[in-house]
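Worksheet for the structure shown next.
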Amino acid sequence: MSGFRFPLQRVLSWRETQLSIEETDLERLRFELTTVEKALEDLESRDTKEIEIIQFAQSLQGGEVAGIA
């Protein structure tokens, strides 16, 4: 009894190549997503720090005005 031979081996090979390409693209996109998420976290952290600095500066200015009155 002879084994089964897939007559469209070239098509199967092409599909495997396409799968490999798509998996590589997915890996690249996941890396890009991680990079963007990290940048967003950094911006949010920086924004929070800047708000704290502004609020501190405003409280100092308010205290100075109270001292004059």
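How much length would be gained if the chain were fully extended between Glu50 and Leu33, taking 0.36 nm per residue of separation minus their Cα-Cα distance, in nm to one decimal?
3.6 nm
Between Ser20 and Glu41, what is the spin-label point distance in nm, taking each point 7 Å from the Cα along the Cα→C-beta axis?
Going by the 7 Å Cα→Cβ label model, 3.4 nm.
Any read-out appearing in this document is the output of simple, stated calculations on the displayed coordinates, not a laboratory observation. The shown structure was predicted, so the numbers you read here are calculated from the model rather than taken from an experiment. Methodologically, a virtual Cβ is constructed for each residue, glycine included, from the backbone with ideal geometry; neighbour enumeration extends over all protein chains shown.
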